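The values are calculated or read from the model by the stated rules, or taken from the named source; none is laboratory data. Keep in mind it's a predicted model, so treat the numbers as computed, not measured. Cβ placement follows ideal geometry from the backbone for every residue including glycine, while neighbour counts extend to all protein chains displayed. The area values use the complete protein model at the heavy-atom level, side chains included, leaving out ligands, DNA and RNA. Shrake-Rupley method; radii C 1.70, N 1.55, O 1.52, S 1.80 Å.
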Amino acid sequence: MQLMMLGMEDAVDDVVGMVNTSDVDVGMIDEVDFWDDNNKTFVISSDTITPLENNKTFIIAAYYDGRESSRVRVLTIIHDEDVKELYCWFYCMNDSGYVSVKATIEIHYQWFGFPYGPADVVCPQPLNCSSQHISIHWSNIRNTSHVPVFEIKNRNPQPFSANFTVCISTMFGNQDNILQFIQALEMYRLLGAQKVVIYKNGCSKTIGQVMDYYVSEGFLEVVPWPIDTFLRTSVAWHQDLNPESQIGYYGQLSALNDCIYRNMYKSRYLTLNDMDEIILPRHNKTWDEMMELLEKTYPDMALYLVKNYFYPKNITTPNFETAFPKNVPGTNILQLIYYEPEIPNSFNNRKMIVNPREVIQVSVHSVLRAYKKSVYVPDNIVRLHHGRSPMQPDLPRTSLIRDTTIWKYSSYLITNVNKVLRQLNYH
């Protein structure tokens, strides 16, 4: 497969630890916590963020990646200066031992100034070692106990269980915007999503109850994301805005990359956006219809970037004012039909629809490394409806632009949201 670099042109200069066959070491397992010569069972880490013993490396998950060669890609968060060499320990099913291989550390080049950020620890699969489990360590010899062991996922891909999965990264704080939260989930369903994945650090008790409802329906997967247990987090996008913090936006970059690999062989397409954002087709009614058009128009593309439009929450229309019970807290997105004009020469923080099997590394507003090209989708085909606090608070209302595209979903949306609210005892 041809490798393409998207976004910044410079190569990843921070890659360290080249792999060669002389770096392979075979050792025996002697910690019964993880290995039993008779039945070969482990204590497998079930945490979504697992620190290694020096607290400079945090393991998220290990995924088999056979797109270029037979290897395992371990998603990690590492310190930019203190982690220079790591080893992959493959636990061989056909032998009561392990094979140690020196890893290549592939740094994601957008960390936005923070000392911790995402990196892929890439481990070539050793010959004659069939393995379902792996450990990462700074040593090639097993000389310490209680090293965490991880299942190697994506070994046996199954047929797609979804055409579209929505990836929502890093929900944090005490969010209580119940109405907009439910409306967003029901909009995703109307547009064609079969699944939504949320990386949850925190939320209000009431939002938690709503999430429990959607989990019980099988529509929502909640991934625990306790990043602030290990690192000082920031709600700012750049470290300069919060100099004491260690990682940006509650580890959003790492969560997004995990969602890519977690759903790589489960979903035909992924959308990467926030809970207050909806990828809204202008003329098509569903994402399926829209993607049929985009695939015909851009046959060599697999990464579709959607322009962001800001619909300020403080400017609403009286329409649909009584569509939902008054005792439900939150914003009614059907009343957000005025968007701000674009600021000339400003960066537009687009969001994405991607074919995950063509993605290697992703950032928030772009794909960093991929096997196919990306395209800026024209805004007469699709736009990002972003209902939030105003970006230009001094704009007079007369400067805003009216857009009622979202109203074409109003009838079904009102019915479906009210059905959920009744289930949650809002009347």
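Here is a yes/no grid of residues against (1) surrounded by 13 or more Cβ atoms within 10 Å (Cβ to Cβ); (2) in contact (Cβ under 8 Å) with a residue 40 or more places away in the chain; (3) among the β-branched types (Val, Ile, Thr):
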| site | (1), (2), (3) |
| --- | --- |
| Tyr311 | yes, yes, no |
| Pro318 | no, no, no |
| Phe324 | yes, yes, no |
| Ile337 | yes, yes, yes |
| Glu340 | yes, yes, no |
| Asn345 | no, no, no |
| Glu358 | yes, yes, no |
| Ile381 | yes, yes, yes |
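Residue check, Glu217 against (1) open to solvent by 70 Å² or more (accessible area, probe 1.4 Å); (2) within 19 Å of the chain's Cα centre (by Cα), all met but one. Which one? Failed condition: (2).
Given the criterion among the β-branched types (Val, Ile, Thr), open to solvent by 30 Å² or more (accessible area, probe 1.4 Å) and in contact (Cβ under 8 Å) with a residue 24 or more places away in the chain, identify the matching residue among Thr165, Thr206, Thr170. Before you say what the answer is, go through the steps one by one.
Details: Thr165 fails: open to solvent by 30 Å² or more (accessible area, probe 1.4 Å); Thr170 fails: open to solvent by 30 Å² or more (accessible area, probe 1.4 Å).
Within the list Thr165, Thr206, Thr170, the selection yields Thr206.
Each residue in the range 278-309 was checked for being part of a helix (DSSP H, G or I) and open to solvent by 50 Å² or more (accessible area, probe 1.4 Å), and 7 pass.
Taking the criterion of being more than 27 Å from Ile353 (Cα to Cα) and out of contact with any Asp or Glu (no Cβ under 9 Å at 6 or more places or on another chain), the residues of the range 380-414 that qualify are Pro393, Asp394, Pro396, Arg397, Thr398. Checking each residue in the range 232-276 for being farther than 26 Å from Tyr304 by Cα, open to solvent by less than 10 Å² (accessible area, probe 1.4 Å) and in a loop (DSSP other than H, G, I, E, B) picks out Ser234, Ser245. Comparison of Gly113, Gly117 shows that the only residue that is in a loop (DSSP other than H, G, I, E, B), of a type outside the set (Ser, Thr, Tyr) and either touching a residue at least 24 places away in the same chain (Cβ under 8 Å) or more than 15 Å from Asp65 (Cβ to Cβ) (or both) is Gly113.
Take Thr331 and decide whether it is among the hydroxyl-bearing types (Ser, Thr, Tyr), touching a strand residue (DSSP E or B) at 6+ places or on another chain (Cβ under 7 Å) and either in a helix (DSSP H, G or I) or within 21 Å of Ile381 (Cα to Cα) (or both). So Thr331 does not fit the description; no. Listed by first and then second residue, the pairs linking a residue in the range 401-421 that is of a type outside the set (Lys, Arg) to a residue that is open to solvent by 70 Å² or more (accessible area, probe 1.4 Å) and assigned to a helix (DSSP H, G or I), with Cβ atoms under 8 Å apart and 6 or more places separating them unless they lie on different chains, are Asn416/Arg189. Here is the figure for the range 393-404: residues that are surrounded by 14 or more Cβ atoms within 10 Å (Cβ to Cβ) and either closer than 18 Å to Val382 by Cα or touching a helix residue (DSSP H, G or I) at 6+ places or on another chain (Cβ under 6 Å) (or both) total 1.
Take the conditions of a type in the set (S, T, N, Q), free of Cβ contacts under 8 Å to residues at least 24 places away in the same chain and under 30 Å from Lys56 (Cβ atoms) and apply them to Asn201. Does it pass? Full working, then the answer.
Values: of a type in the set (S, T, N, Q): yes; free of Cβ contacts under 8 Å to residues at least 24 places away in the same chain: no; under 30 Å from Lys56 (Cβ atoms): yes.
It is false that Asn201 is of a type in the set (S, T, N, Q), free of Cβ contacts under 8 Å to residues at least 24 places away in the same chain and under 30 Å from Lys56 (Cβ atoms).
In the set (1) within 23 Å of Arg357 (Cβ to Cβ); (2) open to solvent by less than 10 Å² (accessible area, probe 1.4 Å); (3) part of a loop (DSSP other than H, G, I, E, B), the condition left unmet by Val147 is number (1). Considering each of Asp23, Asp65 in turn, give the residue that is modelled with pLDDT under 90 and surrounded by 12 or more Cβ atoms within 10 Å (Cβ to Cβ). Within the list Asp23, Asp65, the selection yields Asp23.
Scanning the range 68-81 for residues that are part of a loop (DSSP other than H, G, I, E, B) and in contact (Cβ under 8 Å) with a residue 40 or more places away in the chain, we see that the one that is surrounded by the most Cβ atoms within 10 Å (Cβ to Cβ) is Asp80. Answer with yes or no whether Gln180 is surrounded by fewer than 17 Cβ atoms within 10 Å (Cβ to Cβ) and at pLDDT 95 or above. Criteria not met by Gln180.
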